[in-house]
Amino acid sequence: MIIVMDIKSSKPQVDLVIEKLETSGFQAHLILGVKRIVIGAVGDRAAIYSLGLEGMPGVIGVVPIMHPYKLVSKEAAGGTSIVKVGDTEIGGSKVVLIAGPCAVESETQIYQAAEAVKKQGAKILRGGTFKPRTSPYSFQGMEEEGLKIMQAAAKEYGLATVTEVVDLPSLDTALEYVDMVQIGARNMQNFRLLQAVGKAKRPVLLKRGLSATIEEWLMAAEYIASEGNASVILCERGIRTFETATRNTLDISAIPLVKSLSHLPVLVDPSHATGIRALVAPMSLAAVAAGADGLLIEVHPEPAKALCDGPQSLSPDEFEKLVQELIPIVAAVKKTL
Ligand code: PEP
Ligand code: MN
């Protein structure tokens, strides 16, 4: 069950509802949305109805939710929600571009990447600094040093930032430098980490797990929301199938499906979804046509020299071409870049 309250409700009004639930033996989870205040209540439906919460000041309604995920369900927000990252709104009428290298490698590299993506209208700079690599012998990331130079490069070009966190220490470090933290595919079901980013109250970019169902993905988002952090952005990045010709299989149908089930914004990462540079542009166009709120794209000043994911990274020129190709598609879905 969720108790939906007017966004203008006072703190004492909200506290009173929570107190009533808790003193009656129900667990209450407060989530402060952009349009509404929602309290998730766990317990027997009939018993919650019998509390008479509907008549309390500020309460708009008591809504049963059939899905196992409650706070991130469409019903909880009564529409779509907008997540703000720095000055950028994700989930509204704009298609937001997040771009940058797979990993921060050097000061020169991240400054060149920041300049290139800013020039094409990207709003957020991506750059991995704690890399979850399949091999322990691969480049593991520049960690805090990388975060410092990425923050400086982003400041120079007026961009917000996102980096992946892989554990609690990397989260603590990243929170000092970035506007949004990313939970990668490999950690989508690292529940303690999800709870920690939920407590951190910083926007979270939540990638879909390598073999996660839509419900498992939304339950991962629910973990974050249940800690009081409503600023979650979902990112479809391809799933494992029997196909080996592409790195993963991009599930385009997940975009409209998830948007029908949840109020959260949905991004698409065509770079990790395909692993092939030539497929990044066509998959970007398909994603926007299917309703994606934005794209997460790997761009490297010199892809051939990339320490990580070079074969799927676009050069600045290729990124420019992609943005040009996106313009008519963005217009066709009545959005702007
Ligand atoms: C990444 O974005 O750098 C990354 C590792 O992605 P994923 O978790 O989707 O593999
Ligand atoms: Mn990568």
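The values are calculated or read from the model by the stated rules, or taken from the named source; none is laboratory data. Quantities reported herein were computed from a predicted structural model and do not represent experimental measurements. Cβ coordinates were reconstructed from backbone atoms using ideal geometry, including for glycine residues, and neighbour counts include every protein chain displayed. Each accessible area value is taken on the protein alone, full model and side chains, heavy atoms only, with ligands, DNA and RNA left out. Shrake-Rupley method; radii C 1.70, N 1.55, O 1.52, S 1.80 Å.
Mind checking the angle between helix 214-225 and the chain's longest principal axis? C-alpha axes, 0 to 90 degrees, to the nearest 10. Between the helix axis and the principal axis of the chain, the angle is about 70 degrees.
As a fraction of the 1.4 Å probe accessible area of the stretch 2-64, surface on carbon and sulfur atoms comes out at 58 percent.
Taking the chain as a whole, the Cys residues whose C-beta sits 4.7 Å or farther from every other Cys C-beta are CYS235. Can you list the lysines whose alpha carbon sits under 27 Å from that of LYS20, skipping same-chain ones fewer than 8 residues off? Qualifying lysines at Cα under 27 Å: LYS8, LYS11, LYS35, LYS70, LYS74, LYS199, LYS201. Considering only beta bridges that DSSP places wholly inside the stretch 195-312, some 10 percent are antiparallel.
Only protein heavy atoms count here; under a 1.4 Å probe, LEU210 has an accessible surface of about 40 Å².
The smallest convex shape that holds all Cα atoms of the stretch 2-64, its convex hull, gives 67 Å³ per residue. Measuring between their Cα centroids, the stretch 1-65 and the stretch 264-303 lie 39 Å from each other.
Regarding the chain, what is the average projected area of its C-alpha convex hull, in nm²?
Taking a quarter of the hull surface, the average projection is 16.9 nm².
For the stretch 140-159 and the stretch 176-237, compute the distance between their C-alpha centroids and round to whole Å. Centre-to-centre (Cα) distance: 22 Å.
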